[in-house]
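Q: Have a look at the structure that comes next, please.
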Amino acid sequence: MLFAGGLWKIYLSWQNRVFVSGTRLTVVAAQENPTLYSYSPSSRELTIIVIPKNTQVEAAGGYGSWSVGSLWDLGNQEGKGGEVLRNTVMKAFGIPVDGWVGPDGEDLFKNEALSFPVKVFKAISSGSIKTDLTFFDRLSLLSIGAVSSSRRGSLDLEAKGVLAKKRLPDGVEGFIIIPERGKIVFEELRDSALLNERKTAFVFNATGKAGLAGQAVQVVSTLGIRVIGAGKGEEKIEDCQIRVKEKDSGSISARKLSRIFGCRMITGGFTESASSDIEILLGEGFAKRF
């Protein structure tokens, strides 16, 4: 029974993994200044993006305006771990984020922080770090942590004009996001594996939440999928769906969208006027968490 239980856990870990093999892997680490680690397997380069803690954002999940440095504590108070931080970064910056690690997991990304045996133990040991990554996802982090210093680069959000200094309502100096700059700057995070597939997508907002489709469009575009349109969806769905044509059911673009947004993938069911390879339907459940 114990052996069968162990096999079942391994199977679930494989089935629920967030990382799609061969694609860019981006993880947010809940530090004082939340940090994104984005690894491209094609170029074997790691891009590091530090978000200043006093950056003002509209928190995912309908929690209102917060500083990004407070989102880890907010998520823990609400029993959601790093989900609020991950979804907020995606929504605010338009950057696809595969998963999150708590403050105790950032050492896995640093090539000098831990010896390799210790890093392996920390990555594979259940409960050693707070994260939504499965066993197999955590194994993928080992290759990221081994990236040499010469293949590590940083993206300075303020220097690139994505962030601008501003006196916040509480009188403290902080940062606000300039979305239009982000659309240009984050093009360098596009995934070559998805770009090579050349899939197109149409986004439907089947909720009453204004702007939801536009926020999703930016994430999809940064992934490397060409969005050919967005509009209001008439069909009511509980959460969200990624609809694909039979010929695209095994595409990495569809699988990546499903994992990033946490949506069920369905073959068929396209609208009569469908002209895209993939349709993304956003329902009320998605709106509540995003």
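The values are calculated or read from the model by the stated rules, or taken from the named source; none is laboratory data. Here the structure is a predicted model, which means the values were calculated and not measured. All Cβ positions, glycine included, derive from the backbone under ideal geometry; neighbour counts span all protein chains shown. Accessible surface areas use protein heavy atoms only, side chains included; no ligands, DNA or RNA. Shrake-Rupley method; radii C 1.70, N 1.55, O 1.52, S 1.80 Å.
Q: For the structure I just gave you, tell me whether Ile266 is surrounded by 22 or more Cβ atoms within 10 Å (Cβ to Cβ) and outside any loop (DSSP other than H, G, I, E, B). Can you show your working first?
A: Working: surrounded by 22 or more Cβ atoms within 10 Å (Cβ to Cβ): no; outside any loop (DSSP other than H, G, I, E, B): yes.
Criteria not met by Ile266.
Q: Now for a different question. Is one or more of the residues making up the range 54-66 open to solvent by 30 Å² or more (accessible area, probe 1.4 Å) and over 25 Å from Lys165 (Cβ atoms)?
A: Scanning the range 54-66, I find at least one residue that is open to solvent by 30 Å² or more (accessible area, probe 1.4 Å) and over 25 Å from Lys165 (Cβ atoms), so the answer is yes.
Q: Let me ask something else. Among the numbered conditions (1) at pLDDT 95 or above; (2) in contact with a Gly (Cβ under 6 Å, 6 or more places away or on another chain), tell me where Phe175 comes up short.
A: (2)
Q: Could you tell me which numbered condition Glu188 fails, if it satisfies all but one of (1) in contact (Cβ under 8 Å) with a residue 60 or more places away in the chain; (2) more than 30 Å from Ser275 (Cβ to Cβ)?
A: Against the list (1) in contact (Cβ under 8 Å) with a residue 60 or more places away in the chain; (2) more than 30 Å from Ser275 (Cβ to Cβ), Glu188 comes up short only on (2).
Q: Any idea which residue in the range 155-171 is nearest to the chain's Cα centre (by Cα), counting only those that are open to solvent by less than 80 Å² (accessible area, probe 1.4 Å) and at pLDDT below 95?
A: Start the filter on the range 155-171 by keeping residues that are open to solvent by less than 80 Å² (accessible area, probe 1.4 Å), which leaves 155, 157, 161-164, 168, 171.
Restricting the remaining residues to those that are at pLDDT below 95 gives 168, 171.
Numbers: Leu168: 27, Gly171: 31 Å.
Only one residue tops the list, namely Leu168.
Q: Please specify each residue of the range 271-290 satisfying the condition of being touching a strand residue (DSSP E or B) at 6+ places or on another chain (Cβ under 6 Å) and either hydroxyl-bearing (Ser, Thr, Tyr) or more than 30 Å from Gly64 (Cβ to Cβ) (or both). Steps first, answer last, please.
A: Step one: filter the range 271-290 for residues touching a strand residue (DSSP E or B) at 6+ places or on another chain (Cβ under 6 Å), giving 276-283, 286.
Residues satisfying the conditions are Ser276, Asp277, Ile278, Glu279.
Q: Just the residues that are within 13 Å of Ser276 (Cβ to Cβ) and either in contact (Cβ under 8 Å) with a residue 40 or more places away in the chain or touching an Asp or Glu at 6+ places or on another chain (Cβ under 7 Å) (or both), please, taken from the range 213-243. Step through it out loud before you land on a result.
A: We begin by selecting, within the range 213-243, every residue within 13 Å of Ser276 (Cβ to Cβ); these are 217, 220, 225-231, 242-243.
Within the range 213-243, Val220, Ile225, Ile228, Gly229, Arg243 qualify.
Q: List every residue pair whose Cβ atoms sit under 6 Å apart, with the two residues 6 or more apart in sequence or on different chains, where the first one lies in the range 95-107 and is in contact (Cβ under 8 Å) with a residue 24 or more places away in the chain and the second, anywhere, is surrounded by fewer than 21 Cβ atoms within 10 Å (Cβ to Cβ) and basic (Lys, Arg).
A: Going by the 6 Å Cβ cut-off, the qualifying pairs are Gly102/Lys130.
Q: Then there's this: Given the conditions (1) farther than 26 Å from Gln218 by Cα; (2) out of contact with any Ser or Thr (no Cβ under 7 Å at 6 or more places or on another chain); (3) open to solvent by less than 80 Å² (accessible area, probe 1.4 Å), which single one is not true for Phe136?
A: If we test Phe136 against (1) farther than 26 Å from Gln218 by Cα; (2) out of contact with any Ser or Thr (no Cβ under 7 Å at 6 or more places or on another chain); (3) open to solvent by less than 80 Å² (accessible area, probe 1.4 Å), just (2) comes out false.
Q: Need a quick list: strands (runs of 3 or more DSSP E) entirely within the range 178-252 having at least 1 residues that are open to solvent by 30 Å² or more (accessible area, probe 1.4 Å) and over 30 Å from Lys165 (Cα atoms).
A: So the answer is 200-205, 226-232.
Q: To continue, here is another question. Of all residues in the range 111-133 being open to solvent by less than 50 Å² (accessible area, probe 1.4 Å) and either closer than 17 Å to Leu25 by Cβ or of a type in the set (Asp, Glu) (or both), which is modelled with the highest pLDDT?
A: Of the range 111-133, the ones open to solvent by less than 50 Å² (accessible area, probe 1.4 Å) are 113-114, 119-120, 122-123, 125, 128-129, 131, 133.
Keeping just the survivors that are either closer than 17 Å to Leu25 by Cβ or of a type in the set (Asp, Glu) (or both) gives 119, 123, 129, 131, 133.
Values: Lys119: 68, Ala123: 67, Ile129: 84, Thr131: 91, Leu133: 88.
Among those residues, the one meeting the criterion is Thr131.
Q: Follow-up. List every residue pair whose Cβ atoms lie under 9 Å apart, where the two residues are 6 or more positions apart in sequence or sit on different chains, the first residue falls within the range 69-82 and is aliphatic (A, V, I, L, M), and the second residue, located anywhere, is open to solvent by 30 Å² or more (accessible area, probe 1.4 Å).
A: Leu71/Tyr63; Leu74/Tyr63; Leu74/Trp66; Leu74/Lys80
Q: Another question about this same structure. Looking at the range 50-93, which of the residues that are of a type in the set (Gly, Ala, Ser) and not in a loop (DSSP other than H, G, I, E, B) is nearest to Ala29 (Cα to Cα)? Spell out how you get there, then give the answer.
A: So the first thing to find is which residues in the range 50-93 are of a type in the set (Gly, Ala, Ser), and the list is 59-62, 64-65, 67, 69-70, 75, 79, 81-82, 92.
Those still in the list that are not in a loop (DSSP other than H, G, I, E, B) too: 59, 64-65, 67, 69-70, 75, 92.
Numbers: Ala59: 17, Gly64: 22, Ser65: 20, Ser67: 16, Gly69: 11, Ser70: 13, Gly75: 13, Ala92: 16 Å.
Among those residues, the one meeting the criterion is Gly69.
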